[in-house]
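Asker: My questions all concern the structure below.
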Amino acid sequence: MTVDPQQPAYTLVFDPSRSNASYTVGEFQKALERGSDEDKIATMKQILVTMLDGNPLPQLLMHIIRFVMPSRNNKLKKLLYLYWEIVPKLDEEGKLRHEMILVCNAIQHDLQHPNEYIRGNTLRFLTKLKETELLEQLIPSVMPCLEYRHSYVRKYAILAVLSIYQVSDHLLPDAKDIISSFLAVETDPICKRNAFLGLAELDREAALAYLEENMAAIEGLESLLQSSFVQFIRRDAVQVPSLKPQYVELLLDLLDSTTSDEVVFDTALALTTLSANPSVLAKAATKLINLAVKVFDNNVKLIVLDRVEDINNKNPGALEDLTLEILRVLNAEDMDVRSKALNIAMNLVSSRNVDNVVKLLKKELQTTVTNSDKEKSMQYRQLLIKTIHTVAIRFVEVAASVVSLLLDFIGDLSSVAASGIISFVKEVIEKYPHLREGILSNLIDVLDKIRSAKAYRGALWVLGEYAESSSDIQKCWKHIRSSVGELPIVQSELRNRSQNSEEEEKEKEALNHRHAGPVILPDGTYGTETAFDFTSSAPAEDPDARPPIRRFVLNGDFYTASVLASTIIKLVLRFEKVSQDITVLNALKAEGLLILVSTIRVGQSSLVEKKIDEDSLERIMCAITMLLDEANPAEKSSEKEILDLAYLDATRSSFKSQVAISKRKNAQLSAKNLTKTAEPIDKSLIFRQFTQVESNTSKSDMIEEDLQAAIKGDSERPNKNSITSKLKKIVPLTGFSDPVYAEAYITNHQFDVVLDVLLVNQTRETLKNLHVQFATLGDLKVIDKPPSTNVVPHGFHRITTTVKVSSADTGVIFGNIIYDGGHGEDARYVILNDVHVDIMDYIKPAKTDDETFRTMWNAFEWENKISVKSQLNSLHAYLRELTRGTNMGILTPPEALGEEDCRFLSCNLYAKSSFGEDALANLCIEKSPASGQVVGHVRIRSKGQGLALSLGDRVALIAKQHDKVQLTHI
């Protein structure tokens with residue numbers, strides 16, 4: 001959709017009555033002739049909507065002049081001026097239509113109307129009028145409005161003068177003097193603002209002179225005029241670079257003195273475009289940060305923070321001293337605002353301010369523990385932990401203190417947050433070896449507080465991998481032994497339960513033998529006591545008070561028990577390497593065997609909530625076997641090396657490679673960000689003193705460029721093969737043998753599908769009252785209803801209709817063409833082909849972290865599982881076809897996908913629709929040894945059913961396209 005900035009911006013009209021009835025020109029004429037003012041208002045609205053749909057209705061012009069224009073109803077008059085905006089004012093030869101003379105006379109009367117609002121509305125209409133012949137007759141009526149007593153009229157009168165001069169300067173050759181004189185005597189702030197904008201547009205020298213006159217008192221001017229001064233300064237500085245220093249000083253003074261939020265925002269942005277001085281940028285950014293803290297609207301906060309981020313991206317390092325200032329925005333309650341502020345602050349953190357940043361984040365983390373809103377505090381806590389993680393990985397000097405800080409909170413956190421802290425500890429302890437001993441000691445101290453089984457499993461892995469000295473191994477073993485509790489578990493639990501039952505029986509006997517007589521109260525009165533008032537003095541055992549490992553095992557979490565078995569093996573193997581004390585080693589093996597055997601016994605008993613599963617049982621039994629083999633002196637050295645490789649080297653090396661990949665990705669991202677702001681080595685230097693006014697140096701205003709990009713979108717970009725791409729989007733709706741041939745050119749514009757339909761009358765008769773009816777299936781809604789028309793023999797007719805798309809579900813547009821039959825015959829129909837809306841236009845690849853992916857995977861309830869059976873030659877080839885056909889992005893790192901000729905492949909994919917819908921997919925395929933085919937399945941999950949089914953259809957389509965039957969013989 002191309003937008004011409006020179007075209008007038010028409011007013012949008014909404015039709016509140018979405019009726020399916022279509023009106024002919026004759027019906028409109030009758031409604032205008034006989035209806036009351038209220039009926040005429042409804043008719044005018046329908047006429048406007050019909051004209052905006054593409055039917056100009058030229059036959060109605062005289063009826064509207066005769067029956068609507070004389071009315072004194074203000075609402076009808078407003079609709080009338082909307083009609084004058086869009087009605088064709090020129091005939092087929094490009095000359096002014098004769099009826100417009102009557103319209104011009106009526107406009108002249110309205111320009112002299114005693115009601116100021118009618119005058120102002122008429123003057124506003126003149127700013128959108130581009131016909132010179134009409135404007136020439138209206139100028140004598142516009143000039144007296146400049147001196148009208150009401151400011152509402154004057155503010156539009158000065159804009160009308162500007163618009164007339166821009167249409168044709170010979171109509172008002174002295175427009176510059178008129179605006180200058182008006183500006184000199186005007187007192188209303190809005191009128192002065194409009195006049196100054198007009199003067200800046202027409203006469204730069206006069207506008208600059210007016211600015212110099214008011215420069216001393218600029219602090220006391222109205223905010224509207226200040227904003228217009230800032231806009232003029234920003235544009236003029238690009239054209240005249242020699243004035244930049246004076247303009248910067250003026251803007252700095254204005255920034256210090258103004259109290260208007262709008263002026264602060266405009267002035268700060270203007271300073272960022274005029275100067276690259278770090279002190280100037282810091283001052284502008286400080287004002288923007290104060291504005292973000294002060295305003296209440298979260299949308300405004302996000303916009304202001306975006307501008308601060310742009311300043312930092314274009315001038316790296318200039319805002320480093322404002323890191324703590326930006327974190328003041330964390331007082332906002334909105335999570336998007338907090339996330340934005342933390343992202344900006346993380347880009348500014350350096351070794352000079354990292355200590356203060358960590359202290360502030362620690363204070364924020366403490367507030368989340370005491371916050372009453374659990375859901376918001378949990379999300380905010382997750383965000384803070386992730387941010388602290390990022391800081392600690394970058395700066396080693398705060399890593400130890402950050403780890404101890406987070407471990408202190410681990411007992412009060414949820415499962416996800418606690419797991420995130422343990423993951424962070426794993427990365428820090430791997431990256432900084434000199435901190436391992438202290439971090440390991442802190443981790444052992446807080447393990448008893450961990451309530452999450454997932455976090456505890458991660459902590460056990462850390463103990464097994466990084467406890468390398470004999471003292472650390474014994475500390476870890478001591479914790480494991482205390483965390484398991486009394487052994488054997490089955491006997492001790494049965495004994496505890498029998499003791500509890502005996503105590504309960506004794507309490508019941510004591511209750512039965514208690515004296516049930518009256519009780520004398522301290523005040524001498526009698527009181528009564530029933531059996532319901534008697535409470536047991538024996539405290540009941542709290543399940544959560546049991547040691548962690550014992551609690552997890554009795555709750556049926558035997559996956560944690562299998563991780564414990566691996567940890568025991570690692571500790572025993574490493575202790576055997578670092579110590580020669582055979583007595584302690586044998587004691588460790590014996591105690592380890594007792595723990596594992598006791599775990600299996602309790603898993604097979606009725607004491608646990610859920611029996612032990614086969615996988616966990618197999619892993620624990622494997623660990624028991626290894627401990628018994630360790631006691632065998634005849635064990636071969638080769639077997640010992642394989643065991644060490646499997647338990648001591650493989651997992652550590654895998655984690656090291658994972659950390660290295662993450663480090664490499666961060667380095668690539670930093671290099672990419674650096675190249676955005678890096679200057680080419682051969683870029684020419686421009687000296688402002690040597691720059692001539694007519695030099696060829698580039699003059700650009702970044703704010704204006706952003707505005708033009710927002711208005712025009714991608715229309716200015718050259719589109720290769722545009723004709724070919726358009727032809728691909730033309731869909732035939734009927735056949736060549738039908739009486740009416742129809743084809744549609746389909747355009748996707750954001751959330752709309754626009755059908756530009758060409759109708760061809762292939763008969764030798766005029767098709768009367770021909771109209772097209774559209775209907776939809778799915779989350780589609782037809783917005784426009786094309787009007788009926790007559791099509792001459794072999795004539796062409798074009799209509800445009802818009803269909804609103806509200807989700808990425810599969811949608812179908814269908815309909816028919818209806819026109820009148822012969823004399824006494826029924827209407828005739830031509831059925832249209834169905835048009836399927838391609839959901840791929842609304843689905844884009846996206847990225848997210850593994851934690852968010854798992855959270856969404858567990859939360860989404862709709863799943864579509866599609867079996868895969870393809871003839872493609874490799875698994876990676878199928879993955880490429882899947883991503884191309886579904887527009888989904890691959891989340892799994894390339895290193896984890898394996899080689900091109902691998903036999904098995906599993907990965908996660910993620911996409912996001914234009915409507916904010918998330919689509920998750922898990923691909924699990926293998927190469928069949930027997931047939932050589934790619935077999936497996938794709939699981940797609942989404943919050944809604946439609947998106948999961950639509951993407952499933954796309955996956956099935958991939959198989960159909962590549963698995964075509966090949967004809968070998970007949």
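The values are calculated or read from the model by the stated rules, or taken from the named source; none is laboratory data. Quick caveat, the model's predicted, so the values are computed rather than measured. Cβ coordinates were reconstructed from backbone atoms using ideal geometry, including for glycine residues, and neighbour counts include every protein chain displayed. Only protein heavy atoms, including side chains, enter the accessible area calculation; ligands, DNA and RNA are left aside. Shrake-Rupley method; radii C 1.70, N 1.55, O 1.52, S 1.80 Å.
Asker: Run the quick spin-label model on Ala590 and Gln668: label points 7 Å from Cα toward the beta carbon, then report their separation in nm to one decimal.
Answerer: 5.5
Asker: Ranked by accessible surface with a 1.4 Å probe, highest first, in what order do Tyr466, Tyr829 come? Numbers along the way, then the final one.
Answerer: Numbers: Tyr466 5, Tyr829 145 Å².
Correct descending sequence by accessible area is Tyr829, Tyr466.
Asker: On to the next question. If R0 is 56 Å, what FRET efficiency do you get for Thr852 and Gln59 from their C-beta distance, rounded to 0.05? Walk me through the numbers on the way to the answer.
Answerer: Values: r = 60 Å, r/R0 = 1.07.
Using R0 = 56 Å, I get an efficiency of 0.40.
Asker: Tell me the per residue accessible area of segment 78-208 using a 1.4 Å probe; a whole number in Å² is fine.
Answerer: Solvent-accessible surface per residue comes out at 46 Å².
Asker: Related question: Report, in cubic angstrom per residue, the convex hull volume of the C-alpha atoms of segment 841-962.
Answerer: It comes to 94 Å³ per residue, whole-number rounded.
Asker: Also: Would you mind pulling out the separation of the Cα centroids of segment 142-185 and segment 867-907, in Å?
Answerer: Taking the Cα centre of each part, segment 142-185 and segment 867-907 sit 68 Å apart.
Asker: Of Lys95/Lys130; Lys426/Lys478; Lys431/Lys570; Lys449/Lys478; Lys426/Lys656, which ones are farther than 19 Å apart at the Cα?
Answerer: Numbers: Lys95/Lys130 13 Å; Lys426/Lys478 21 Å; Lys431/Lys570 21 Å; Lys449/Lys478 16 Å; Lys426/Lys656 10 Å.
Checking Cα-Cα distances, Lys426/Lys478; Lys431/Lys570 exceed 19 Å.
Asker: Related question: State, to one decimal in nm, how far the label point of Glu609 lies from the label point of Ser350, with both points 7 Å from Cα in the Cβ direction.
Answerer: Distance between label points: 5.3 nm.
Asker: How much accessible surface does Met51 have with a 1.4 Å probe, in Å² rounded to 10?
Answerer: Estimated to the nearest 10 Å², Met51 gives 20 Å².
Asker: Expressed as a whole percentage, what fraction of the accessible surface of segment 723-837 belongs to carbon and sulfur atoms when a 1.4 Å probe is rolled over the protein heavy atoms?
Answerer: Carbon and sulfur: 54 percent of the exposed surface of segment 723-837.
Asker: So how far apart, in nm, are the two label points at Ser806 and Glu333 if each is 7 Å from Cα heading toward Cβ?
Answerer: 2.9
Asker: Further, regarding this structure: What figure, in Å² to the nearest 10, do you get for the accessible area of Thr370 with a 1.4 Å probe and non-protein molecules left out?
Answerer: Roughly 120 Å² of Thr370 is accessible to a 1.4 Å probe.
Asker: Just subtract the alpha-carbon distance of Asn816 and Ala646 from 0.36 nm times their residue separation and send over the number in nm, one decimal.
Answerer: On the way: separation 170, 0.36 × 170 = 61.20 nm, distance 6.98 nm.
Roughly 54.2 nm would be gained on extension.
Asker: Expressed as a whole percentage, what fraction of the accessible surface of segment 246-288 belongs to carbon and sulfur atoms when a 1.4 Å probe is rolled over the protein heavy atoms? Can you show the working numbers first?
Answerer: Values: 830 of 1630 Å².
Percent of accessible area from carbon and sulfur atoms in segment 246-288: 51.
Asker: Here is a further query. May I ask for the distance between the Cα centers of segment 562-627 and segment 461-485, given as a whole number of Å?
Answerer: Taking the Cα centre of segment 461-485 as reference, the centre of segment 562-627 is 13 Å away.
Asker: For a quick check of your reading of the filter: which trypsin sites (Lys or Arg not before Pro) in segment 562-642 sit in a DSSP loop and have no more than 16 other Cβ atoms within 10 Å?
Answerer: Lys610, Lys611, Lys636
Asker: Mind checking segment 59-89 for trypsin sites (Lys or Arg not before Pro) that DSSP puts in a loop (not H, G, I, E or B) and that have at most 15 other Cβ atoms within 10 Å?
Answerer: The qualifying sites are Arg72.
Asker: Counting only heavy atoms of the protein chains, get the accessible area per residue of segment 723-837 (1.4 Å probe) and round it to a whole Å² value.
Answerer: Per-residue value: 55 Å².
Asker: Using +1 at the Cβ of each Lys and Arg and -1 at the Cβ of each Asp and Glu in segment 129-270, identify which of Ser151, Leu250, Ile218 lies farthest towards the dipole's positive end.
Answerer: Checked the options; the winner is Ser151.
Asker: Could you please state, rounded to a whole Å, how far the C-alpha centre of segment 735-814 is from the C-alpha centre of segment 391-429?
Answerer: 61
Asker: Now a separate question. Over segment 869-942, average the accessible area per residue using a 1.4 Å probe and give it in Å², no decimals.
Answerer: Details: 3230 Å² over 74 residues.
Heavy-atom accessible area per residue stands at 44 Å².
Asker: While we're looking at this one, here's another question. So how much slack lies between Val240 and Lys729, counting 0.36 nm per residue of separation and subtracting their Cα-Cα distance, in nm?
Answerer: So the extension gain works out to 171.3 nm.
Asker: Starting from the residue with the highest accessible area, list Tyr117, Tyr156, Tyr81 in decreasing order, probe 1.4 Å.
Answerer: So the residues, ranked largest to smallest area, are Tyr117, Tyr156, Tyr81.
Asker: Sticking with this one: Quickly rank 34-47, 420-433 as a protection proxy: mean count of other C-beta atoms within 10 Å, highest first.
Answerer: Ranked from most to least packed, the peptides come out as 420-433, 34-47.
Asker: Next question. Measure off, as a whole percent, the carbon and sulfur share of the 1.4 Å-probe accessible area of segment 866-942, all protein chains present.
Answerer: Whole-percent figure for carbon plus sulfur exposure: 48.
Asker: Let me ask something else about it. Would you mind checking which residues have amide H under 5 Å from Asn816's amide H? H placed 1.01 Å from N; only 5 or more apart, or other chain.
Answerer: Placed amide hydrogens put Gln773, Leu832 under 5 Å from Asn816.
Asker: At a 1.4 Å probe radius, which order do Trp477, Trp862 fall into by accessible area, largest first?
Answerer: Working: Trp477 15, Trp862 100 Å².
Accessible-area ranking of Trp477, Trp862, largest first: Trp862, Trp477.
Asker: May I pose another question? Give the calculated FRET efficiency between Arg72 and Glu899 to the nearest 0.05, with a Förster radius of 60 Å applied to their Cβ-Cβ distance.
Answerer: Approximately 0.10, to the nearest 0.05.
Asker: Need the full-extension length gain, Asp256 to Lys869, defined as separation in residues times 0.36 nm minus the C-alpha distance. One decimal, nm. Could the numbers behind the result be given before it?
Answerer: Working: separation 613, 0.36 × 613 = 220.68 nm, distance 6.93 nm.
Extra length from Asp256 to Lys869 when fully extended: 213.7 nm.
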